[in-house]
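Here the structure comes first, spelled out in C-alpha coordinates, and everything after it is commentary.
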Amino acid sequence: MRRWLAAAVAVLACNTALMCNATLAEEPAALMPGAGADVTGAYCNVCHTSDYIVMNSTFLTGDQWKAEVTKMRKAFGAPMDDATVAEISAYLAANYAVAAKP
Amino acid sequence: MIAGAGAVLAASPSMAGESTRIPAELPDGTRSIARFVNLPGKRRMLRLTGRPPNYAAPVNVFSDVITPNDRFFVRYHLDNVPSAAAMDGWSLSVSGDAVERPVQLKLSDLLDLSTHQVVSVCQCAGNRRGLIDPHVAGVQWTDGAMGCAVWRGPALKDVLNAAGVKKEAQEVWFEGADKPLMDGTPPFRKSLPMEKAMDPDTIVALTMNNAPLPLLNGYPARLIVPGWTGTYWMKHLTSIEVSTQKLNSFWMQTAYRVPAGLFPVDKPFRSQTNETTVPITELVVNALIAGPLEGDEVERSGFTITGVAWDRGAGISRVEVSLDGGANWRDALLAGSVGRYAYRRFSLQTGALRPGSYRLMCRAVSQTGEKQAERMKVNPGGYHNNVPGVVTVVVS
(Lines give C-alpha, C1' and ligand atoms only; values in the text may rest on other atoms or scores of the structure.)
Protein backbone atom coordinates (compact mmCIF):
# COMPACT_ATOMS: atom_id res chain seq x y z
CA MET A 1 0.00 0.00 0.00
CA ARG A 2 2.67 2.47 1.02
CA ARG A 3 4.78 1.73 -2.01
CA TRP A 4 1.71 1.93 -4.21
CA LEU A 5 0.85 5.37 -2.88
CA ALA A 6 4.36 6.66 -3.46
CA ALA A 7 4.37 5.30 -7.01
CA ALA A 8 0.95 6.78 -7.74
CA VAL A 9 2.19 10.17 -6.63
CA ALA A 10 5.27 9.98 -8.84
CA VAL A 11 3.15 9.10 -11.90
CA LEU A 12 0.44 11.68 -11.25
CA ALA A 13 2.82 14.47 -10.34
CA CYS A 14 4.72 13.93 -13.59
CA ASN A 15 1.56 14.20 -15.66
CA THR A 16 2.72 17.64 -16.54
CA ALA A 17 6.23 18.41 -17.66
CA LEU A 18 6.17 21.60 -15.70
CA MET A 19 5.26 20.12 -12.37
CA CYS A 20 7.65 17.27 -12.97
CA ASN A 21 10.52 19.72 -13.29
CA ALA A 22 9.37 21.60 -10.25
CA THR A 23 8.91 18.53 -8.10
CA LEU A 24 12.25 16.97 -9.06
CA ALA A 25 13.99 19.89 -7.44
CA GLU A 26 11.59 19.94 -4.55
CA GLU A 27 11.69 16.89 -2.38
CA PRO A 28 9.75 17.70 0.79
CA ALA A 29 11.78 18.38 3.92
CA ALA A 30 12.61 15.22 5.89
CA LEU A 31 10.16 14.41 8.66
CA MET A 32 11.48 14.04 12.22
CA PRO A 33 12.73 10.49 12.84
CA GLY A 34 10.70 8.42 15.30
CA ALA A 35 7.96 5.83 15.63
CA GLY A 36 5.36 6.45 12.93
CA ALA A 37 7.60 8.58 10.68
CA ASP A 38 7.48 6.08 7.78
CA VAL A 39 3.72 5.67 7.87
CA THR A 40 3.24 9.42 8.08
CA GLY A 41 5.66 10.00 5.21
CA ALA A 42 3.75 7.52 3.07
CA TYR A 43 0.18 8.62 3.82
CA CYS A 44 0.69 12.35 4.15
CA ASN A 45 2.76 12.85 1.02
CA VAL A 46 0.10 11.99 -1.55
CA CYS A 47 -2.31 14.86 -2.30
CA HIS A 48 0.30 17.34 -1.10
CA THR A 49 3.86 17.03 0.16
CA SER A 50 4.48 16.36 3.84
CA ASP A 51 5.72 19.98 3.90
CA TYR A 52 2.09 20.73 4.81
CA ILE A 53 2.89 19.12 8.18
CA VAL A 54 6.13 21.02 8.77
CA MET A 55 4.56 24.29 7.56
CA ASN A 56 1.85 23.92 10.22
CA SER A 57 4.27 23.50 13.11
CA THR A 58 4.79 24.07 15.84
CA PHE A 59 1.50 25.46 17.10
CA LEU A 60 -1.19 22.77 16.93
CA THR A 61 -1.92 20.57 19.94
CA GLY A 62 -1.98 16.77 19.73
CA ASP A 63 -5.79 16.90 19.63
CA GLN A 64 -5.74 19.46 16.84
CA TRP A 65 -3.38 17.21 14.85
CA LYS A 66 -5.77 14.32 15.35
CA ALA A 67 -8.57 16.54 14.02
CA GLU A 68 -6.42 17.38 10.97
CA VAL A 69 -5.74 13.71 10.24
CA THR A 70 -9.44 12.96 10.63
CA LYS A 71 -10.25 15.84 8.27
CA MET A 72 -7.88 14.39 5.65
CA ARG A 73 -9.76 11.12 5.86
CA LYS A 74 -13.36 12.37 6.15
CA ALA A 75 -13.34 15.55 4.07
CA PHE A 76 -10.59 14.78 1.55
CA GLY A 77 -10.89 10.99 1.22
CA ALA A 78 -7.43 9.95 2.41
CA PRO A 79 -7.52 6.13 2.45
CA MET A 80 -6.63 5.30 6.06
CA ASP A 81 -8.05 2.86 8.59
CA ASP A 82 -8.56 3.69 12.30
CA ALA A 83 -5.23 2.17 13.30
CA THR A 84 -3.35 4.27 10.74
CA VAL A 85 -5.14 7.43 11.88
CA ALA A 86 -4.12 6.63 15.47
CA GLU A 87 -0.51 5.89 14.54
CA ILE A 88 -0.07 9.06 12.47
CA SER A 89 -1.84 11.22 15.08
CA ALA A 90 0.46 9.87 17.81
CA TYR A 91 3.53 10.58 15.66
CA LEU A 92 2.38 14.15 14.94
CA ALA A 93 1.52 14.73 18.62
CA ALA A 94 5.00 13.55 19.64
CA ASN A 95 6.95 15.50 17.01
CA TYR A 96 4.97 18.49 15.74
CA ALA A 97 2.65 19.55 18.58
CA VAL A 98 2.64 22.10 21.39
CA ALA A 99 1.34 21.25 24.86
CA ALA A 100 -2.40 21.85 25.29
CA LYS A 101 -3.19 25.06 27.20
CA PRO A 102 -4.64 24.32 30.65
CA MET B 1 3.06 49.07 -21.73
CA ILE B 2 -0.32 48.80 -20.20
CA ALA B 3 -2.94 50.82 -21.99
CA GLY B 4 -4.71 53.36 -19.82
CA ALA B 5 -2.63 52.80 -16.73
CA GLY B 6 0.65 53.65 -18.47
CA ALA B 7 1.18 57.18 -17.29
CA VAL B 8 0.57 56.36 -13.66
CA LEU B 9 2.80 53.30 -13.76
CA ALA B 10 5.70 55.13 -15.32
CA ALA B 11 5.66 57.50 -12.37
CA SER B 12 6.43 54.77 -9.81
CA PRO B 13 10.13 54.69 -8.98
CA SER B 14 11.57 51.20 -8.78
CA MET B 15 12.59 50.07 -5.32
CA ALA B 16 16.23 49.55 -4.65
CA GLY B 17 16.17 46.14 -3.06
CA GLU B 18 14.69 42.70 -3.33
CA SER B 19 13.34 41.43 -0.05
CA THR B 20 15.47 38.51 1.14
CA ARG B 21 13.65 38.13 4.38
CA ILE B 22 11.40 35.30 5.46
CA PRO B 23 9.16 37.02 8.02
CA ALA B 24 10.01 36.24 11.64
CA GLU B 25 6.28 36.18 12.49
CA LEU B 26 5.77 32.94 10.50
CA PRO B 27 5.62 29.62 12.37
CA ASP B 28 9.09 28.05 12.91
CA GLY B 29 8.19 25.09 10.73
CA THR B 30 7.17 27.37 7.86
CA ARG B 31 10.44 29.27 8.19
CA SER B 32 12.35 26.01 7.98
CA ILE B 33 10.83 25.04 4.60
CA ALA B 34 10.15 28.42 2.93
CA ARG B 35 12.67 29.33 0.18
CA PHE B 36 13.01 32.01 -2.46
CA VAL B 37 13.09 30.14 -5.77
CA ASN B 38 12.73 30.68 -9.51
CA LEU B 39 10.11 28.38 -10.95
CA PRO B 40 9.19 28.03 -14.64
CA GLY B 41 7.71 31.33 -15.84
CA LYS B 42 8.24 33.01 -12.48
CA ARG B 43 11.09 34.91 -10.94
CA ARG B 44 12.16 34.80 -7.30
CA MET B 45 9.03 33.81 -5.43
CA LEU B 46 8.72 32.59 -1.84
CA ARG B 47 7.89 28.90 -2.02
CA LEU B 48 5.67 27.70 0.81
CA THR B 49 4.85 24.35 -0.78
CA GLY B 50 5.96 22.95 -4.12
CA ARG B 51 3.16 20.39 -4.48
CA PRO B 52 0.49 21.67 -4.80
CA PRO B 53 2.27 24.86 -5.87
CA ASN B 54 1.86 27.72 -3.37
CA TYR B 55 4.21 30.66 -3.94
CA ALA B 56 4.05 34.21 -2.52
CA ALA B 57 5.50 37.41 -3.97
CA PRO B 58 8.25 39.13 -1.97
CA VAL B 59 6.95 42.36 -0.44
CA ASN B 60 9.09 44.68 -2.60
CA VAL B 61 7.02 43.60 -5.64
CA PHE B 62 4.24 45.85 -4.31
CA SER B 63 6.20 49.04 -4.91
CA ASP B 64 4.26 49.20 -8.20
CA VAL B 65 0.49 49.21 -8.67
CA ILE B 66 0.72 46.53 -11.36
CA THR B 67 2.22 43.18 -10.42
CA PRO B 68 4.26 41.66 -13.27
CA ASN B 69 3.11 38.24 -14.47
CA ASP B 70 6.38 36.63 -13.41
CA ARG B 71 5.93 37.91 -9.84
CA PHE B 72 2.23 37.08 -9.49
CA PHE B 73 1.44 34.67 -6.64
CA VAL B 74 0.48 31.05 -7.22
CA ARG B 75 -2.16 29.22 -5.22
CA TYR B 76 -3.54 25.69 -5.79
CA HIS B 77 -5.42 23.43 -3.40
CA LEU B 78 -5.21 20.35 -5.59
CA ASP B 79 -2.04 18.98 -7.07
CA ASN B 80 -3.25 17.86 -10.49
CA VAL B 81 -2.27 21.08 -12.27
CA PRO B 82 -2.92 20.84 -16.04
CA SER B 83 -0.04 21.32 -18.46
CA ALA B 84 -0.21 23.99 -21.15
CA ALA B 85 -0.30 21.16 -23.71
CA ALA B 86 -3.35 19.67 -21.98
CA MET B 87 -5.12 22.96 -22.66
CA ASP B 88 -4.65 22.64 -26.46
CA GLY B 89 -8.07 22.70 -28.09
CA TRP B 90 -9.54 24.13 -24.86
CA SER B 91 -13.22 25.05 -24.86
CA LEU B 92 -15.70 26.34 -22.31
CA SER B 93 -19.10 24.76 -21.74
CA VAL B 94 -22.05 26.89 -20.61
CA SER B 95 -24.96 24.77 -19.46
CA GLY B 96 -27.24 24.13 -16.47
CA ASP B 97 -30.97 24.03 -15.76
CA ALA B 98 -31.23 27.82 -16.06
CA VAL B 99 -29.90 28.27 -19.60
CA GLU B 100 -32.03 28.25 -22.75
CA ARG B 101 -29.54 26.24 -24.85
CA PRO B 102 -26.24 24.79 -23.64
CA VAL B 103 -23.24 25.89 -25.70
CA GLN B 104 -19.63 24.84 -26.04
CA LEU B 105 -17.51 27.93 -26.72
CA LYS B 106 -14.14 27.81 -28.43
CA LEU B 107 -11.45 30.42 -27.86
CA SER B 108 -12.46 32.04 -31.17
CA ASP B 109 -16.07 32.33 -29.94
CA LEU B 110 -14.89 34.18 -26.84
CA LEU B 111 -12.72 36.47 -28.94
CA ASP B 112 -15.81 37.34 -31.01
CA LEU B 113 -17.53 38.80 -27.93
CA SER B 114 -16.73 42.39 -27.01
CA THR B 115 -13.67 42.74 -24.81
CA HIS B 116 -13.73 44.33 -21.37
CA GLN B 117 -10.80 45.47 -19.31
CA VAL B 118 -10.57 45.66 -15.55
CA VAL B 119 -7.58 46.51 -13.38
CA SER B 120 -8.08 44.52 -10.22
CA VAL B 121 -6.41 43.12 -7.17
CA CYS B 122 -6.58 39.34 -6.80
CA GLN B 123 -6.02 38.49 -3.17
CA CYS B 124 -6.16 35.10 -1.49
CA ALA B 125 -8.65 34.99 1.39
CA GLY B 126 -5.84 33.58 3.54
CA ASN B 127 -3.28 36.24 2.66
CA ARG B 128 -1.20 37.00 5.81
CA ARG B 129 -2.56 33.92 7.61
CA GLY B 130 1.01 32.99 8.57
CA LEU B 131 1.43 36.33 10.37
CA ILE B 132 -1.53 35.76 12.71
CA ASP B 133 -0.71 35.22 16.38
CA PRO B 134 -1.79 32.67 17.57
CA HIS B 135 -1.28 30.71 14.34
CA VAL B 136 -4.16 29.05 12.47
CA ALA B 137 -3.74 25.87 10.35
CA GLY B 138 -3.62 26.27 6.57
CA VAL B 139 -1.11 27.57 4.05
CA GLN B 140 1.02 29.95 6.10
CA TRP B 141 0.92 32.94 3.78
CA THR B 142 3.04 36.07 4.12
CA ASP B 143 1.83 39.42 2.71
CA GLY B 144 2.43 38.16 -0.81
CA ALA B 145 -0.61 36.02 -1.68
CA MET B 146 -1.93 38.85 -3.81
CA GLY B 147 -1.29 40.90 -6.91
CA CYS B 148 -2.91 43.48 -9.15
CA ALA B 149 -3.11 43.08 -12.93
CA VAL B 150 -4.83 44.40 -16.03
CA TRP B 151 -7.29 41.67 -17.02
CA ARG B 152 -9.01 41.50 -20.41
CA GLY B 153 -11.65 39.29 -21.91
CA PRO B 154 -15.38 39.04 -22.48
CA ALA B 155 -17.77 39.98 -19.67
CA LEU B 156 -19.13 36.87 -17.97
CA LYS B 157 -22.68 38.15 -18.63
CA ASP B 158 -22.03 38.11 -22.38
CA VAL B 159 -20.67 34.56 -22.12
CA LEU B 160 -23.79 33.51 -20.20
CA ASN B 161 -26.06 35.31 -22.65
CA ALA B 162 -24.58 33.19 -25.45
CA ALA B 163 -26.49 30.33 -23.82
CA GLY B 164 -29.47 32.46 -22.75
CA VAL B 165 -30.14 32.95 -19.03
CA LYS B 166 -33.60 32.02 -17.71
CA LYS B 167 -35.16 34.33 -15.16
CA GLU B 168 -35.26 31.58 -12.50
CA ALA B 169 -31.43 31.50 -12.41
CA GLN B 170 -30.06 31.74 -8.88
CA GLU B 171 -26.33 30.94 -9.02
CA VAL B 172 -23.60 30.41 -11.58
CA TRP B 173 -21.33 27.41 -10.88
CA PHE B 174 -17.71 27.17 -12.02
CA GLU B 175 -15.18 24.42 -12.50
CA GLY B 176 -11.60 24.45 -13.76
CA ALA B 177 -9.18 21.93 -15.25
CA ASP B 178 -7.16 21.44 -12.05
CA LYS B 179 -8.38 18.25 -10.45
CA PRO B 180 -7.88 16.28 -7.23
CA LEU B 181 -5.35 13.44 -7.18
CA MET B 182 -7.66 11.05 -5.34
CA ASP B 183 -11.31 10.21 -5.94
CA GLY B 184 -12.38 11.04 -2.41
CA THR B 185 -11.17 14.64 -2.57
CA PRO B 186 -13.93 17.12 -3.46
CA PRO B 187 -13.23 18.82 -6.82
CA PHE B 188 -12.61 22.55 -6.59
CA ARG B 189 -16.01 24.00 -7.54
CA LYS B 190 -17.25 27.50 -6.68
CA SER B 191 -20.33 29.60 -7.39
CA LEU B 192 -21.43 33.23 -7.63
CA PRO B 193 -24.83 34.80 -7.01
CA MET B 194 -26.54 36.09 -10.23
CA GLU B 195 -25.98 39.72 -9.28
CA LYS B 196 -22.19 39.38 -9.12
CA ALA B 197 -22.12 37.10 -12.18
CA MET B 198 -23.99 39.72 -14.28
CA ASP B 199 -21.83 42.62 -13.03
CA PRO B 200 -20.10 44.08 -16.11
CA ASP B 201 -16.75 44.02 -14.27
CA THR B 202 -16.92 40.24 -13.76
CA ILE B 203 -15.05 38.90 -16.79
CA VAL B 204 -13.51 35.79 -18.29
CA ALA B 205 -9.90 36.93 -18.68
CA LEU B 206 -7.91 35.71 -21.66
CA THR B 207 -5.01 38.07 -21.03
CA MET B 208 -3.18 39.37 -17.99
CA ASN B 209 -1.07 42.52 -18.35
CA ASN B 210 -1.39 42.25 -22.14
CA ALA B 211 0.04 38.72 -22.31
CA PRO B 212 -1.52 35.27 -22.19
CA LEU B 213 -2.20 34.16 -18.63
CA PRO B 214 0.80 32.33 -17.15
CA LEU B 215 0.02 28.63 -16.78
CA LEU B 216 0.15 28.86 -12.98
CA ASN B 217 -2.27 31.80 -12.98
CA GLY B 218 -4.97 29.98 -14.91
CA TYR B 219 -4.06 29.70 -18.62
CA PRO B 220 -5.95 29.87 -20.94
CA ALA B 221 -8.96 31.52 -19.22
CA ARG B 222 -9.61 32.65 -15.69
CA LEU B 223 -12.65 34.11 -13.98
CA ILE B 224 -12.06 37.66 -12.67
CA VAL B 225 -14.28 38.67 -9.75
CA PRO B 226 -13.18 42.19 -8.79
CA GLY B 227 -13.54 43.06 -5.13
CA TRP B 228 -14.01 39.43 -4.08
CA THR B 229 -11.36 37.13 -2.58
CA GLY B 230 -9.26 34.99 -4.93
CA THR B 231 -11.11 31.77 -4.12
CA TYR B 232 -13.81 32.68 -6.70
CA TRP B 233 -11.29 33.48 -9.43
CA MET B 234 -11.46 30.03 -11.05
CA LYS B 235 -8.32 29.16 -13.00
CA HIS B 236 -8.23 27.04 -16.19
CA LEU B 237 -11.99 27.67 -16.44
CA THR B 238 -13.66 24.81 -18.34
CA SER B 239 -17.27 24.62 -17.18
CA ILE B 240 -19.98 27.11 -16.27
CA GLU B 241 -23.45 26.06 -15.14
CA VAL B 242 -26.27 28.51 -14.59
CA SER B 243 -28.55 26.98 -11.98
CA THR B 244 -31.83 27.46 -10.19
CA GLN B 245 -30.15 25.79 -7.18
CA LYS B 246 -27.33 26.62 -4.82
CA LEU B 247 -24.07 24.77 -5.46
CA ASN B 248 -23.31 22.01 -3.00
CA SER B 249 -19.53 21.88 -2.76
CA PHE B 250 -17.07 21.36 0.10
CA TRP B 251 -15.34 24.54 -1.10
CA MET B 252 -18.55 26.58 -0.67
CA GLN B 253 -20.25 25.02 2.35
CA THR B 254 -17.33 23.93 4.54
CA ALA B 255 -14.21 25.80 3.46
CA TYR B 256 -13.94 29.55 2.87
CA ARG B 257 -16.55 30.52 5.43
CA VAL B 258 -16.51 33.14 8.18
CA PRO B 259 -18.73 33.68 11.23
CA ALA B 260 -21.95 35.52 10.28
CA GLY B 261 -21.75 39.26 11.03
CA LEU B 262 -17.98 39.40 11.64
CA PHE B 263 -17.10 40.98 8.28
CA PRO B 264 -19.95 43.21 7.00
CA VAL B 265 -20.48 43.13 3.21
CA ASP B 266 -22.36 45.37 0.77
CA LYS B 267 -24.18 42.51 -0.93
CA PRO B 268 -24.70 39.28 1.03
CA PHE B 269 -24.45 35.95 -0.85
CA ARG B 270 -27.88 34.87 0.41
CA SER B 271 -28.23 31.46 -1.21
CA GLN B 272 -25.00 30.28 0.49
CA THR B 273 -25.71 31.84 3.90
CA ASN B 274 -26.75 29.88 6.99
CA GLU B 275 -27.52 30.94 10.59
CA THR B 276 -23.96 30.79 11.85
CA THR B 277 -21.62 31.27 8.89
CA VAL B 278 -21.41 33.03 5.52
CA PRO B 279 -19.08 32.46 2.57
CA ILE B 280 -16.11 34.83 2.55
CA THR B 281 -16.74 37.22 -0.37
CA GLU B 282 -15.81 40.93 -0.44
CA LEU B 283 -12.28 42.04 0.44
CA VAL B 284 -11.61 44.19 3.50
CA VAL B 285 -9.71 47.49 3.28
CA ASN B 286 -5.98 46.97 3.56
CA ALA B 287 -2.56 48.57 3.02
CA LEU B 288 1.04 47.46 2.87
CA ILE B 289 4.46 49.13 3.05
CA ALA B 290 6.59 47.92 0.13
CA GLY B 291 9.65 50.01 0.93
CA PRO B 292 11.81 50.47 2.84
CA LEU B 293 12.15 46.82 3.81
CA GLU B 294 12.39 45.31 7.27
CA GLY B 295 15.86 45.84 8.74
CA ASP B 296 16.94 48.45 6.16
CA GLU B 297 19.31 51.21 7.17
CA VAL B 298 17.82 54.52 6.09
CA GLU B 299 19.19 58.03 5.63
CA ARG B 300 19.25 60.57 8.47
CA SER B 301 18.30 63.25 5.99
CA GLY B 302 15.03 61.42 5.45
CA PHE B 303 13.61 58.74 3.19
CA THR B 304 10.41 57.88 1.35
CA ILE B 305 7.94 55.31 2.60
CA THR B 306 5.92 53.77 -0.24
CA GLY B 307 3.28 51.11 -0.55
CA VAL B 308 -0.18 50.26 -1.79
CA ALA B 309 -3.72 50.32 -0.39
CA TRP B 310 -6.82 48.57 -1.72
CA ASP B 311 -10.36 47.56 -0.83
CA ARG B 312 -13.49 45.88 -2.21
CA GLY B 313 -14.01 48.56 -4.87
CA ALA B 314 -15.26 51.61 -2.98
CA GLY B 315 -11.84 53.19 -3.51
CA ILE B 316 -9.27 54.49 -1.04
CA SER B 317 -9.82 57.90 0.53
CA ARG B 318 -6.90 58.11 2.94
CA VAL B 319 -3.69 56.37 3.96
CA GLU B 320 -1.88 57.25 7.16
CA VAL B 321 1.68 56.33 8.06
CA SER B 322 3.29 56.04 11.50
CA LEU B 323 7.01 56.08 12.29
CA ASP B 324 6.61 55.14 15.95
CA GLY B 325 4.66 51.88 15.97
CA GLY B 326 1.25 53.50 15.80
CA ALA B 327 1.48 56.25 18.46
CA ASN B 328 1.38 59.10 15.93
CA TRP B 329 0.04 59.13 12.37
CA ARG B 330 0.59 61.37 9.34
CA ASP B 331 -1.30 61.52 6.08
CA ALA B 332 0.49 59.94 3.14
CA LEU B 333 0.29 61.30 -0.40
CA LEU B 334 -2.01 59.26 -2.66
CA ALA B 335 -1.04 58.71 -6.31
CA GLY B 336 -3.77 58.80 -8.97
CA SER B 337 -6.22 55.91 -9.12
CA VAL B 338 -5.87 53.35 -11.93
CA GLY B 339 -9.24 51.79 -11.14
CA ARG B 340 -11.48 51.29 -8.15
CA TYR B 341 -10.49 47.64 -7.74
CA ALA B 342 -6.75 48.30 -8.21
CA TYR B 343 -3.98 49.08 -5.79
CA ARG B 344 -3.65 52.77 -4.93
CA ARG B 345 -0.06 53.81 -4.43
CA PHE B 346 0.90 56.04 -1.49
CA SER B 347 4.09 57.69 -0.32
CA LEU B 348 5.35 59.71 2.61
CA GLN B 349 8.54 61.77 2.80
CA THR B 350 9.81 61.51 6.37
CA GLY B 351 12.04 64.58 6.63
CA ALA B 352 15.24 64.56 8.75
CA LEU B 353 15.36 62.02 11.60
CA ARG B 354 17.43 61.39 14.72
CA PRO B 355 19.48 58.19 14.89
CA GLY B 356 17.53 55.26 16.27
CA SER B 357 15.13 52.58 15.20
CA TYR B 358 11.74 53.40 13.70
CA ARG B 359 8.67 51.20 13.60
CA LEU B 360 6.85 52.01 10.35
CA MET B 361 3.15 51.23 9.93
CA CYS B 362 0.44 52.20 7.47
CA ARG B 363 -3.35 52.08 7.55
CA ALA B 364 -5.98 52.88 4.94
CA VAL B 365 -9.56 54.15 4.99
CA SER B 366 -11.95 53.50 2.10
CA GLN B 367 -14.38 55.93 0.46
CA THR B 368 -17.16 54.42 2.57
CA GLY B 369 -15.18 55.03 5.77
CA GLU B 370 -14.17 51.39 6.25
CA LYS B 371 -11.05 51.14 8.44
CA GLN B 372 -8.52 48.37 9.02
CA ALA B 373 -8.94 46.22 12.12
CA GLU B 374 -6.66 47.10 15.06
CA ARG B 375 -6.75 43.54 16.33
CA MET B 376 -7.29 40.33 14.32
CA LYS B 377 -10.97 39.44 13.98
CA VAL B 378 -10.41 35.84 15.01
CA ASN B 379 -12.01 33.27 12.70
CA PRO B 380 -11.28 29.55 12.25
CA GLY B 381 -9.96 29.87 8.69
CA GLY B 382 -7.59 32.71 9.51
CA TYR B 383 -9.09 34.87 6.76
CA HIS B 384 -9.15 38.66 6.18
CA ASN B 385 -6.07 39.60 8.20
CA ASN B 386 -5.91 43.37 7.67
CA VAL B 387 -4.22 44.30 10.94
CA PRO B 388 -1.44 46.82 10.15
CA GLY B 389 2.01 45.22 10.22
CA VAL B 390 5.26 46.79 11.38
CA VAL B 391 8.46 47.39 9.35
CA THR B 392 11.43 48.26 11.54
CA VAL B 393 14.21 50.38 10.02
CA VAL B 394 17.33 51.96 11.49
CA VAL B 395 18.74 55.48 11.16
CA SER B 396 22.43 55.48 12.12
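Values for this structure:
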quantity: Rg over Rh, two decimals, the range B:286-395 (C-alpha only, Kirkwood Rh); calculated: 0.99
quantity: Spacing of the two label points (7 Å from each Cα toward its C-beta) at B:ASP112 and B:ASN248, in nm; calculated: 3.7 nm
quantity: Alpha-carbon Debye profile of chain B, log10 I(q)/I(0) at 0.14 Å⁻¹; calculated: -1.27
quantity: Part-to-part distance (alpha-carbon centres) for the range B:104-174 and the range B:257-290, which is given in Å; calculated: 16 Å
quantity: For B:ARG257, residues with placed amide H under 5 Å, excluding near neighbours; calculated: B:ILE280
quantity: Length-normalised contact order for the range B:286-395 - Cα pairs under 8 Å, 6+ apart - percent; calculated: 35 percent
quantity: Cα-projected label distance for B:VAL37 with B:VAL378, points at 7 Å along beta-carbon direction, nm; calculated: 3.5 nm
quantity: Estimated FRET transfer efficiency (B:SER337, A:ALA94; beta-carbon r; R0 45 Å; 0.05); calculated: 0.25
quantity: Estimated D of the protein assembly as shown in µm² per second, where Rh is the Kirkwood radius over Cα pairs and Stokes-Einstein applies at 37 °C, 0.692 mPa s; calculated: 139 µm²/s
quantity: Gain in span if fully extended, B:ASN274 to B:THR368, counting 0.36 nm per residue against the direct Cα distance; calculated: 31.2 nm
quantity: Inter-part distance where the range A:48-62 and the range B:297-341 are each reduced to a Cα centre, Å; calculated: 35 Å
quantity: Label-point separation, B:ALA84 to B:LYS166 (7 Å along Cα→Cβ), nm; calculated: 4.1 nm
quantity: Orientation-averaged projected area, Cα convex hull of the range B:131-278 (nm²); calculated: 10.3 nm²
quantity: Residue of B:MET146, B:MET376, B:MET182 that the Gaussian network model of chain B assigns the largest fluctuation, springs spanning Cα pairs under 10 Å; calculated: B:MET182
quantity: Rounded FRET efficiency, nearest 0.05, which uses the C-beta distance separating B:ASN328 from B:SER396 and R0 of 22 Å; calculated: 0.50
quantity: At R0 = 51 Å, FRET efficiency that the Cβ-Cβ distance of B:SER357 and A:ALA83 yields, to 0.05; calculated: 0.40
quantity: Solvent-accessible area, 1.4 Å probe, carbon plus sulfur percent, for the protein assembly as shown; calculated: 53 percent
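The values are calculated or read from the model by the stated rules, or taken from the named source; none is laboratory data. Computed from a prediction, not measured in an experiment: that's the story for all the values here. Glycine gets a Cβ as well: all are built from the backbone with ideal geometry, and neighbour counts include every protein chain shown. Heavy atoms of the whole protein, side chains included, go into the accessibility calculation; ligands, DNA and RNA do not. Shrake-Rupley method; radii C 1.70, N 1.55, O 1.52, S 1.80 Å.
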